[in-house]
1. Which value at 222 nm does chain B reach when only helices count, each DSSP H run of 4 or more adding -39,500 (n - 2.57), with the total divided by all residues and rounded to the nearest 500 deg cm²/dmol?
2. Give the Rg (one decimal place) followed by the Dmax (whole number) of region B:207-342, computed from C-alpha coordinates and expressed in Å.
3. Going down the table (A:LYS197/A:LYS242; A:LYS60/A:LYS242; A:LYS29/A:LYS242), which pairs top 22 Å between alpha carbons?
4. Find the Rg to Rh ratio for the protein assembly as shown, where Rh is the Kirkwood radius over alpha-carbon pairs and Rg uses the same atoms.
5. Filter chain B for me: DSSP H helices, axial length by Cα at least 24 angstrom, mean Kyte-Doolittle hydropathy not below 0.5. List them by residue number.
6. So how do B:TRP340, B:TRP112, B:TRP58 rank on accessible area, 1.4 Å probe, biggest first, that is with the largest at the start?
7. Taking the Cα centre of each part, how many Å lie between region B:267-303 and region A:161-188?
8. With all protein chains present and a 1.4 Å probe, how do B:THR265, A:THR41 order by accessible area, largest first?
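The values are calculated or read from the model by the stated rules, or taken from the named source; none is laboratory data. In this text the structure is predicted, and so the values were computed from the model without any measurement. Every residue, glycine among them, receives a Cβ derived from its backbone with ideal geometry; neighbour counts consider all protein chains shown. Note: areas computed on protein heavy atoms with side chains; ligands, DNA, RNA excluded. Shrake-Rupley method; radii C 1.70, N 1.55, O 1.52, S 1.80 Å.
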Amino acid sequence: MSTATVRSVSERLSAAGTANALELRGVTKRFGALAALTDVTITVKPGERRAVLGSNGAGKTTLFNCVTGDFLPTSGTIRLFGEDVTNFPAHERIRRGLRRTYQISLLFTGLTVFDNVYLACRGVSRGRFSMLRPRKGDTLVQSAYELIEAVHLSDIAQIKVSELSYGQQRQLEIALALAGAPRFVLFDEPAAGLSPKERAELVEILTNLPSHIGYIIIEHDMDVALRVAETVSMMHNGRIFKEGLPSEIESDPEVQELYLGGGHG
Amino acid sequence: MAVSDSPLQSEAETRRTLATRLNGWVQSIPIAYWVVGAIMLLMPLIANDFFLYQIFGWAFILGMIALSLMFLAGYGGMVSLAQMSIAALGGYMVAILGDSGATSISLGWPWWLNVPVAILVAAIFATLIGALAVRTEGIYTIMITLAFAAAFFYFTRQNYTIFNGYSGFGDVVPPRLFGVNWRDAIPFYYLTLGCATICYLAVIYVSRAPFGLALQGIRDNPRRMAALGFNVVAHRITAYTFAAVIAAIGGILLVWQNAQIAPGTAGLPAVIDILVIAIVGGIARPIGPFIGAFIYVLLRTFSPDVLQALSMAGDRYKLLIGLGFLVVVYWSPDGVLGLWDRWRARRRRRDPLVDKPEAS
Ligand SMILES: Nc1ncnc2c1ncn2[C@@H]1O[C@H](COP(=O)(O)OP(=O)(O)OP(=O)(O)O)[C@@H](O)[C@H]1O
Ligand SMILES: [Mg+2]
């Protein structure tokens, strides 16, 4: 392929507005008098992996809720792969390749692991309203099993979710977010409450994701965050006050004072 | 390559796998189901015409209408009080589009046209109700659907051009298909048994199909379902449409059974009765509404006699039904089905003392 074609392809792509995976402009979210997010502006490139750090109540989860459409922002715009999705319902954003996990697992506890993952695969493909049961060799059934294997839950695929351990539920939570063809994933504290071994598995899952899949990960554990992220955004009181490479953030005095409580290690 | 396979051999193979699959399917169904199925099929040998037509026929019909509520409430978490009205609309449409005593209104369409159109009209009506009701939760869903039920009742009573007002329609009978009079006890028994079985199996089948599975997901966790790409509102509305088909079949059979339909068919007492039937039977599984309907029909039919024997006013049967409702809801919020499940669980726990311990 000649460089000329490469340039014309990239030109066409940028002309089509595929510039950024995620672009927030002046997003504000108020709950009554409380401003959970104030004038948040973020740009994340396709395939970029970013960590969002911040103290409790900084507004990190609220940021995710606005991006996925769980809440509508009070003001500001949200663009997903160049498309203005500010007023889209959640399911429309998900069908465009956005995914998320929840800080507190939101699973279907009365259904089996397989049914949970199968629903996730169904949600982002056609036939959501199908009244016909899937057949044995159904490709969606196949991909559900592959996903279950990827998060190491194959042995308990037919177990009800309510009988799973906490760590297994967290893993299932991740599987639900990777169904279909994700393009951008929001991970809300996926490592919280996991054992060191489970943490290592999580880091492995995240670093092994195909490189075109970008994500934002909210993570209190600096070790995990800095191993799986290329860039870091710092939040405090509903604002993003610093962005940069992990090394810059770690050595930043303001960050040390606000977030790390004057030092770490 | 496939060419090397002799066609005969592969055909035999398909037949063999079909046979094993059929065998596996047969074995996967518990014996109790075969027993109940056989008893139901042979019932006309034991029961008299009154039982076949008035007890079983009616119980199957009310069971179907309550089943449509069970589908919405049990799988979708939506309690709709409009199911009886939807059923009655189906019944009305058969009278209006087909033949009835009110010859100036009825259009006289053949059954193969008026029955599907009646179901379609009921389904559209239910979809409209659903479109308004699914944006509300809990008590508000109940209120909105109750408002629809009340409006339907008063509208049918006051509208003479379409619904023939207070008197409704008489002489609405099933078609004489295959030369059978389907209002005879035995044919009617099999007709209602067949329809009830199909509806029952359809609900069980759909509950494990993507649509039903997603509906249960929405019941448990609508927010997560939206975050998985499901359109929660559209899914809930479709549940109303699906349930309406079942209710409408019940409504049409009800008209044929009574040979008439009038506003009272979907009056508020009838609307409440469907709720009572579903709750008393249990809405956790599709068999519940049929159990509830059977109990209701037995009480409704025989309690006047029992009360009179006890030298009380016979028309106090509603009191008995009400008391029964109270007892069941008090002792077992999940209905007779819940009582049964708990009794079985207790027996299973006791079993190891006498029997071999259960494999687990
Ligand atoms: N649905 C809601 N209604 C009202 N207030 C809310 C709601 N969700 C979040 N808040 C408030 O918004 C603020 C930010 O909350 P958020 O959950 O986004 O913080 P967070 O950074 O995710 O914190 P944590 O690290 O504890 O998860 C908090 O003060 C919280 O109480
Ligand atoms: Mg949070």
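1. Taken over chain B, the calculation gives -22500 deg cm²/dmol.
2. Considering region B:207-342 through its Cα atoms, Rg and Dmax are 18.4, 62 Å.
3. As for pairs spanning more than 22 Å Cα to Cα, those are A:LYS197/A:LYS242.
4. My calculation of the ratio gives 1.06.
5. Passing helices, by number: B:111-133, B:139-158, B:185-207, B:232-258, B:288-309.
6. So the residues, ranked largest to smallest area, are B:TRP112, B:TRP340, B:TRP58.
7. What the calculation gives is 41 Å, centre to centre.
8. These residues rank, largest area first, as A:THR41, B:THR265.
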